[in-house]
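So the structure is just underneath, and the comments pick up after that.
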Protein chains: 2
Amino acid sequence: MSQRAIRIIGLDPGLRHAGWGIIDSIGNNLVYVADGVVRAEPKLSLAEKLHFIHSALTRIVAEFNPAEAAIEETFVSKDARATLKLGQARGVAILVPAAAGIPVAEYAPNTIKKSVVGVGHADKDQVHHMVKVLLPKAKAASADAADALAIAICHAHHRSSWLRLRA
Amino acid sequence: MSQRAIRIIGLDPGLRHAGWGIIDSIGNNLVYVADGVVRAEPKLSLAEKLHFIHSALTRIVAEFNPAEAAIEETFVSKDARATLKLGQARGVAILVPAAAGIPVAEYAPNTIKKSVVGVGHADKDQVHHMVKVLLPKAKAASADAADALAIAICHAHHRSSWLRLRA
């Protein structure tokens, strides 16, 4: 029996760097498709940065046509200004799949780490190392792109229960 | 000499209620055009809410075709979760004019109050009262719509210095 490939995009948004990573989940196998980082010029205004991130992610979604999207449940920091900035970038990043009719799953940071490394308290280096082990062909061009791939891997592992919860 | 009308949209974003208000600034005169509130159903997911707000505001901008947009510099609360939610709604609201090529000005809450009421420590009721005085034809359907009109009025008063700063 041939198994259908489910294409997943993971998103790791930020106002300056928005990471994205795309994999195909085929049965129990994961196949790397693409990853990258959208970088907004620091000199741009807030409105211009948001527009730039939105346009770039919209092009990526149109090019790779994922069926499902996943994003980290944001770490809420004590720095309210940083939280507001991240919220703005996150809103625009979530909007992109939503506007394309693609459902968006959210995962807690520890769920993502546990899904990729096996433990919830793994550090960033362990996560990035395991992303390369699980997806040997991944460029994982930067930490943001590797994080986005980790989010996509997490969704591949959890999507059946996520689908049941949505039903 | 006839003076050109500058159409301004004020935005007061939130995840459940996003207020908007449109005025024409003609020399020293302000003319009310329209206002309203975009309400996202509470039962929608975050992604669906953001998509709904984005679609509704995009239609409003396309219908009224403002030349400039204004938004409040967000009050950063101690409640990090509330700040994150507001940030997400704000990112999507700022994106709408930015994607249409409309510049977006930001004003501190006290600047908006001072511009409408004359003092920076005015309360909400005073602001809403003065919005009705300055724009007698305004529906100001709700507090969020009245706030959005106040932001547009503030921009009408400050746009010449804002234009000089941008030049």
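The values are calculated or read from the model by the stated rules, or taken from the named source; none is laboratory data. In this text, all values refer to a predicted model and were calculated from it rather than measured experimentally. For neighbour counting, all protein chains shown are included, and Cβ atoms are generated from backbone atoms with ideal geometry for every residue, glycine included.
Scanning the range B:72-83 for residues that are facing chain A (nearest Cβ under 9 Å) and either part of a helix (DSSP H, G or I) or closer than 16 Å to B:GLY19 by Cα (or both) yields a total of 4.
When the residues of the range B:87-108 are filtered to those that are of a type in the set (A, V, I, L, M) and facing chain A (nearest Cβ under 7 Å), which remaining residue is farthest from B:ALA122 (Cα to Cα)? Please lay out each step first, then the result.
Restricting attention to the range B:87-108, the residues satisfying the condition of being of a type in the set (A, V, I, L, M) are B:89, B:92-96, B:98-100, B:102, B:104-105, B:108.
Now restrict to residues that are facing chain A (nearest Cβ under 7 Å): B:89, B:92, B:94-95, B:98-99, B:104.
Details: B:ALA89: 25, B:VAL92: 28, B:ILE94: 26, B:LEU95: 29, B:ALA98: 30, B:ALA99: 33, B:VAL104: 24 Å.
The selected residue is B:ALA99.
Restricting attention to the range A:149-165, the residues being modelled with pLDDT of 95 or more and of a type in the set (Phe, Trp, Tyr) number 0. Residues in the range A:133-167 that are touching a helix residue (DSSP H, G or I) at 6+ places or on another chain (Cβ under 8 Å), of a type outside the set (Asp, Glu) and in a helix (DSSP H, G or I): A:LEU134, A:ALA143, A:ALA146, A:LEU149, A:ALA150, A:ILE151, A:ILE153, A:CYS154, A:HIS155, A:HIS157, A:HIS158, A:TRP162.
For the range B:48-59, filtered to residues that are among the aliphatic types (A, V, I, L, M) and buried (at least 21 other Cβ atoms within 10 Å of the Cβ), the residue that is farthest from the other protein chains (Cβ to nearest Cβ) is B:LEU57.
Only one of the numbered conditions (1) more than 16 Å from the chain's Cα centre (by Cα); (2) closer than 28 Å to A:ARG4 by Cβ; (3) without any contact (Cβ under 8 Å) to a residue 60 or more places away in the chain is violated by A:VAL104, and that is (1).
Yes/no matrix, rows are residues, columns are (1) part of a strand (DSSP E or B); (2) of a type outside the set (Lys, Arg):
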{"residue": "B:ASP35", "(1), (2)": "yes, yes"}
{"residue": "B:VAL38", "(1), (2)": "yes, yes"}
{"residue": "B:GLU48", "(1), (2)": "no, yes"}
{"residue": "B:HIS54", "(1), (2)": "no, yes"}
{"residue": "B:LEU57", "(1), (2)": "no, yes"}
{"residue": "B:ALA62", "(1), (2)": "no, yes"}
{"residue": "B:PRO66", "(1), (2)": "no, yes"}
{"residue": "B:ALA69", "(1), (2)": "yes, yes"}
{"residue": "B:LYS85", "(1), (2)": "no, no"}
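If you go through the range A:41-64 one residue at a time, do you hit one that is within 25 Å of A:ALA138 (Cβ to Cβ), of a type in the set (Ser, Thr, Tyr) and either in contact (Cβ under 8 Å) with a residue 40 or more places away in the chain or out of contact with any strand residue (DSSP E or B) (no Cβ under 6 Å at 6 or more places or on another chain) (or both)? Yes, the range A:41-64 contains a residue that is within 25 Å of A:ALA138 (Cβ to Cβ), of a type in the set (Ser, Thr, Tyr) and either in contact (Cβ under 8 Å) with a residue 40 or more places away in the chain or out of contact with any strand residue (DSSP E or B) (no Cβ under 6 Å at 6 or more places or on another chain) (or both).
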